[in-house]
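Read-outs throughout are calculated quantities, based only on the coordinates presented, and are distinct from any laboratory measurement. As the structure is a computational prediction, the values presented were derived from the model and not from experiment. Please note: Cβ atoms are built from the backbone with ideal geometry, for glycine as well, and neighbour counts cover all protein chains shown.
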Amino acid sequence: MMFGSDSEVQFEMLAVASPAGEAKPLRALLFVHGLGHDATCWRNWMRAASADGYASYAISLRGHGGSGGRLRSARLNDYVADVLRAIEAIDGDEIVLVGHSLGGLVVQRALASRPARVGAGVLVGSITPGPALGTVLSVLRNHPWQAVRFLAGRSLRLPPDMLFERMDKDEAAEISRSLCGESPWVQYQLLFHLPLRMDPAYPLLCVYSTHDRMVPMVSARATARRYGADVQELAGIGHDMMLDHGWEEAWSAISRWLVARQVERISNEGTKHG
């Protein structure tokens with residue numbers, strides 16, 4: 001599906017209904033991709049979310065996938081605006097934002113604006129709220145030739161070894177080649193952006209892997225501490241844990257957390273009315 005008026009950027013958004021096909025499910029999930037990816041990277045988790053009873057949506061940020069807009073001139077605030085517009089286009093009593101890598105940073109910044117109907121957030125291998133020096137150095141240390149692309153204002157190309165741990169080499173290489181690139185301005189902003197104050201009332205889950213070569217563990221743990229978030233620390237799976245073999249384990253961790261938060265909310269509401 002596409003959304004956006006004729007005078008605005010037209011965005012690609014994939015959707016998978018909940019099994020009952022409810023028009024207004026209690027909870028809908030909005031997935032936000034990372035650097036150089038698009039909405040299709042969420043296909044595994046969207047099917048799994050549907051099987052668990054959630055309606056799920058995935059947006060391709062401007063200039064990515066089937067979305068319009070200029071990639072080379074995009075800034076972080078543009079991506080945040082894209083997500084806020086997607087929220088308005090989704091039916092549902094409550095929306096949970098799920099962001100991967102750069103998309104995790106976008107989710108953090110979207111939550112800082114306190115959007116209506118958003119009830120929680122999930123950060124998956126997320127970029128830190130402050131300057132992501134550890135992530136940039138990790139890429140350049142493992143693939144020094146990327147430094148030339150970075151300094152020349154060209155899109156970083158994420159090699160398969162930075163994204164996957166279990167996937168076979170041919171499949172991993174094919175996915176890596178299919179990535180669409182990223183805005184040079186956003187790449188620069190990863191080093192210079194400043195953290196925003198996020199409402200502590202949002203329940204937040206941080207999911208990360210000890211085998212992530214993109215986001216160092218020290219950075220992932222610091223993000224979780226900053227927000228007082230719940231944590232699911234995995235092992236043996238790569239940065240793209242929604243695509244890597246073993247993605248089911250990562251999704252199950254998120255699904256269990258969503259159920260626990262739902263039970264907790266119902267219990268709290270019962271206490272208030274008791």
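Observations
- Listed residues Gly238, Leu61, Ala147: farthest to the positive end of the dipole of the chain (Cβ charges): Ala147
- In the stretch 112-180, the inverse of the mean reciprocal separation of distinct Cα atoms equals 14.6 Å; this is its Kirkwood hydrodynamic radius.
- Alpha-carbon spread of the stretch 2-273, three principal axes, descending order, Å: 60, 45, 37
- FRET efficiency estimate (nearest 0.05) - Cβ-Cβ, Leu133 to Arg166, R0 25 angstrom: 0.35
- In terms of surrounding Cβ atoms within a 10 Å radius of their Cβ, Phe31, Phe150 rank from fewest to most as Phe150, Phe31.
- Rounded to the nearest 20, the Cβ-based charge dipole of the stretch 2-273 about its Cα centre (Lys and Arg +1, Asp and Glu -1) stands at 860 debye.
- Cα-based helix-to-principal-axis angle, 247-273 vs the chain, degrees rounded to 10: 30
- Taking the chain as a Gaussian network of alpha-carbon nodes connected by springs under 10 Å, the highest mean-square fluctuation of the residues Val259, Val118, Val16 belongs to Val259.
- Choice from Pro129, Pro144, Pro159 showing the highest fluctuation, given a GNM over the chain with Cα pairs closer than 10 Å: Pro144
- Listed by Cβ neighbour count within 10 Å, with the fewest neighbours leading, Ser56, Ser176 appear as Ser176, Ser56.
- Summed residue charge, Cβ within 13 Å of Ser209's Cβ, Lys/Arg positive, Asp/Glu negative: -3
- Using a Gaussian network model of the chain in which every pair of alpha carbons under 10 angstrom is joined by a spring, one finds that among Val148, Val207, Val98 the greatest mean-square fluctuation is at Val148.
- Charged neighbours of Ala112, selected by a Cβ distance under 13 Å, balance to +3 (K, R count +1; D, E count -1).
- The distance from the alpha carbon centre of the stretch 63-113 to that of the stretch 231-255 is 22 Å, rounded to a whole number.
- Volume in Å³ per residue [convex hull over Cα atoms, computed for the stretch 140-273]: 134
- Charged-residue dipole, Cβ positions (Lys, Arg, Asp, Glu), the stretch 126-192 about Cα centre, Debye nearest 20: 300
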